[in-house]
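Contents: one structure, followed by commentary.
Just so it is clear, none of the values below were taken in a lab; they were calculated from the coordinates. Everything numeric here is computed off the predicted structure, so don't read it as measured data. Cβ coordinates were reconstructed from backbone atoms using ideal geometry, including for glycine residues, and neighbour counts include every protein chain displayed.
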Amino acid sequence: MSGSQEYLMLEDVRNANHTTSIDPRREKRLAYKRKYRQEHNDKIKEYSKKYYLINKEKINRDDKEYYKIHREKLLSYAKDYNLKTFHSRKDKRSEILKNYRLKNKPTYEQNKRYRLKYKEKVRARKILKRRIEQGEILKPLLCSSCGKCTTLHGHHHDYSKPVDVVWLCLECHSKIHWKINHD
């Protein structure tokens, strides 16, 4: 669990336990802390980054442990939050999508036609992308053709086998497609 999520949950608990009678000394101390945070925000961020870099493994281990212990509570909280925000933003999302379609009508229609024309290609790419994101397939670091260390593209020889790809750099991938198109 990230610090911000944990902070939000703690803030909810504080608000639920909040009473109208607050100790004036406590209120003064809280006001001082808020003021300090506002004035030294950059310094606090820098310190937080350094602390995270030094204690990264411990923080990740603690987050995983916290998640294991509070999994059900966190999932129900996230589900409730997502449902609220999904329904509250539904009209806004549909309006944004409608405006996008109107502004980018040629591009949107072109993409739609491509997806309909090349269903098998789109399906294979989606499956490959999902498997990479899930960690089932690992991208190599080097091009399988020239050995260059750069951003790699997955080349499908057969789109009916979506996970059977050759990892190529942009230059090698372009050469292969040029050969396919000109032979």
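Residue by residue, what Karplus-based ³J(HN,Hα) values in Hz, rounded to whole numbers, does the stretch 69-77 have, using 6.51, -1.76 and 1.60 with θ = phi - 60° and x for Gly and Pro?
5, 10, 3, 4, 5, 5, 5, 5, 4
Under the Kirkwood approximation applied to all pairs of distinct alpha-carbon atoms, what is the hydrodynamic radius of the stretch 92-182 in Å? Walk me through the numbers before you get to the answer.
Numbers: mean 1/r = 0.0652 Å⁻¹.
The answer is 15.3 Å.
Would you look at the GNM of the chain, springs on alpha carbons closer than 10 Å, and say which of 76, 144, 88 moves the most?
It is 144.
Residue-wise, which Karplus ³J(HN,Hα) couplings in Hz belong to the stretch 93-98, taking 6.51 cos²θ - 1.76 cosθ + 1.60, θ = phi - 60°, and x for glycine or proline?
In residue order, the calculated couplings are 4, 5, 5, 5, 5, 4 Hz.
In whole Hz, what ³J(HN,Hα) sequence does the stretch 42-58 give by Karplus (6.51, -1.76, 1.60; θ = phi - 60°), x for Gly and Pro?
Here the 3J(HN,Hα) series is 4, 4, 5, 4, 4, 4, 4, 4, 4, 4, 4, 4, 6, 10, 4, 4, 5 Hz.
For the chain, what is the relative contact order in percent, using Cα pairs closer than 8 Å and at least 6 residues apart in sequence?
Over the chain, the number comes to 11 percent.
Does the stretch 93-137 come out rounded, prolate or oblate by the C-alpha gyration tensor, with a ≥ b ≥ c the root eigenvalues, rounded set by a/c under 1.5 and, if not, prolate when a/b is larger than b/c and oblate if not?
It is oblate, given that a/c is not under 1.5 and a/b is not larger than b/c.
Once every DSSP H run of n ≥ 4 in the chain is given -39500 (n - 2.57) and the sum is divided by its residues, what mean residue ellipticity at 222 nm do you get, rounded to the nearest 500 deg cm²/dmol?
When only DSSP H runs of four or more count, the value is -23500 deg cm²/dmol.
So which chymotrypsin sites (Phe, Trp or Tyr not before Pro) in the stretch 88-120 end up in coil per DSSP with only 13 or fewer other C-beta atoms within 10 Å? Don't skip to the answer; put the middle values down first.
Details: sites: 100, 108, 114, 118; in loops: 118.
Loop-located and lightly packed - 118.
Which is farthest toward the positive dipole end of the chain among 144, 124, 74, measuring Cα position about the Cα centre, with Cβ charges +1 (Lys, Arg) and -1 (Asp, Glu)?
Comparing the listed Cα positions along the dipole, 124 ranks first.
Magnitude of the Cβ-charge dipole of the stretch 92-182, K/R +1 and D/E -1, about the Cα centre, nearest 20 debye?
640 debye
Which entry is the computed mean projected area of the Cα convex hull in nm² for this structure: [x] 16.2; [y] 15.1; [z] 18.7?
Recomputing mean projected area of the Cα convex hull in nm² here gives the entry labelled [z].
For residue 148, which sequence-distant residues (separation of 5 or more, or a different chain) have an amide H within less than 5 Å of its own amide H, given hydrogens modelled in the peptide plane?
143
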